[in-house]
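The values are calculated or read from the model by the stated rules, or taken from the named source; none is laboratory data. Only a predicted model underlies this, so the values are computations on that prediction, with no experimental measurement involved. Here the Cβ positions follow ideal geometry from the backbone for every residue, glycine too, while neighbour counts run over all protein chains shown.
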Amino acid sequence: MKRLGLWKTIAACSLLCFAMCGCQDADKGKRNAQNDDIEQDEEIQVEETETVGQLSPLLETVGDNQTKNRAYAFIDPKEGSQVVGAVTFVEVDDGVRVIAHIDGLTPGKHGFHIHEHGDCSADDASSAGGHFNPTNQKHGGPDSAERHIGDLGNIVANENGYGHYDRVDSVITLEGEQSIIGKSVVIHEDEDDLVTDPVGNAGKRIGCGVILPTGP
């Protein structure tokens with residue numbers, strides 16, 4: 001749980017910095033301070049420190065600091081997994097930029113979706129419901145002509161179990177009746193095949209976080 005708390009602390013600092021300004025200098029100083037804190041925690045293994053350190057660019061500069069809408073989700077472990085991390089959503093000219101930093105995964109691809117309910121309380125994340133699909137489309141990949149709004153594809157973990165995802169999605173939105181705010185992000189145990197309806201054979205839900213707004 002200490003490791004999960006560290007992830008949340010780093011992510012919260014990054015979110016606050018971004019919400020106030022796009023200051024790269026402030027972010028650099030924050031990274032140094034975070035590294036000092038991590039070095040003092042003897043219970044965190046070196047390889048974990050290196051992975052958690054990658055969370056500091058959670059909200060990389062994505063254009064000017066006048067971005068209208070932003071949202072985030074902290075990912076908590078489910079089904080006895082060790083999955084932790086954070087996902088941010090930033091409105092940009094071409095859609096919404098999705099940036100995820102997830103740790104505790106097995107190496108390889110893992111289904112990465114937005115689900116219809118903002119409720120991660122169940123041990124197996126079943127409380128999050130199915131994929132967010134208000135337009136009643138068939139399941140697909142993020143670039144498919146037909147897809148659920150919540151179909152973000154896969155996040156790929158390296159040999160250390162760290163996964164990074166960064167793409168601009170032209171389907172999801174942070175405003176209006178089909179806004180993803182108030183929904184949830186779910187990480188799955190297996191790879192999404194991007195075809196099989198309704199969930200891509202992605203397996204059980206091993207991480208979940210509710211999507212919350214960060215600003216007006």
Being on the phi > 0 side of the Ramachandran plot, part of a loop (DSSP other than H, G, I, E, B) and in contact with a strand residue (DSSP E or B) (Cβ under 7 Å, 6 or more places away or on another chain) is the filter here, so list the residues in the range 126-174 that pass it.
GLY129, GLY161
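Could you grab me the full set of residues in the range 187-204 that are touching a residue at least 24 places away in the same chain (Cβ under 8 Å), surrounded by fewer than 17 Cβ atoms within 10 Å (Cβ to Cβ) and in contact with a strand residue (DSSP E or B) (Cβ under 9 Å, 6 or more places away or on another chain)? Steps first, answer last, please.
Step one: list which residues in the range 187-204 are touching a residue at least 24 places away in the same chain (Cβ under 8 Å), which gives 187-192, 194-200, 202-204.
Now drop any that are not surrounded by fewer than 17 Cβ atoms within 10 Å (Cβ to Cβ), which leaves 195-198, 203-204.
If the condition is that a residue be touching a residue at least 24 places away in the same chain (Cβ under 8 Å), surrounded by fewer than 17 Cβ atoms within 10 Å (Cβ to Cβ) and in contact with a strand residue (DSSP E or B) (Cβ under 9 Å, 6 or more places away or on another chain), then PRO198, GLY203, LYS204 are the ones that fit.
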Conditions (1) under 14 Å from the mean Cα position of the chain (by Cα); (2) at pLDDT below 95 -> GLY200 fails only (1)
Which one is nearest to the chain's Cα centre (by Cα) among residues in the range 175-197 that are assigned to a strand (DSSP E or B) and closer than 12 Å to ILE114 by Cβ?
VAL185
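Within the range 121-140, is there a residue that is touching a helix residue (DSSP H, G or I) at 6+ places or on another chain (Cβ under 9 Å) and over 18 Å from GLY85 (Cβ atoms)? First the steps, then the outcome.
Step one: filter the range 121-140 for residues touching a helix residue (DSSP H, G or I) at 6+ places or on another chain (Cβ under 9 Å), giving 121-122.
Still in the running and over 18 Å from GLY85 (Cβ atoms): 121-122.
Looking through the range 121-140, at least one residue is touching a helix residue (DSSP H, G or I) at 6+ places or on another chain (Cβ under 9 Å) and over 18 Å from GLY85 (Cβ atoms).
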Of the residues ASP151, ASP123, ASP169, which is loosely packed, with under 14 Cβ neighbours inside 10 Å, in contact (Cβ under 8 Å) with a residue 24 or more places away in the chain and of a type outside the set (Ser, Thr, Tyr)?
ASP123
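Okay, residues lined up against (1) farther than 18 Å from VAL185 by Cβ; (2) modelled with pLDDT of 95 or more; (3) among the basic types (Lys, Arg):
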{"position": "GLY53", "(1), (2), (3)": "yes, no, no"}
{"position": "LEU58", "(1), (2), (3)": "no, no, no"}
{"position": "ILE114", "(1), (2), (3)": "no, yes, no"}
{"position": "ALA125", "(1), (2), (3)": "no, yes, no"}
{"position": "THR135", "(1), (2), (3)": "yes, no, no"}
In the range 154-164, what count of residues is obtained for those that are surrounded by fewer than 19 Cβ atoms within 10 Å (Cβ to Cβ) and touching a helix residue (DSSP H, G or I) at 6+ places or on another chain (Cβ under 7 Å)?
1
Residue tally, condition within 22 Å of HIS164 (Cα to Cα) and either assigned to a loop (DSSP other than H, G, I, E, B) or among the aliphatic types (A, V, I, L, M) (or both), over the range 94-125
13
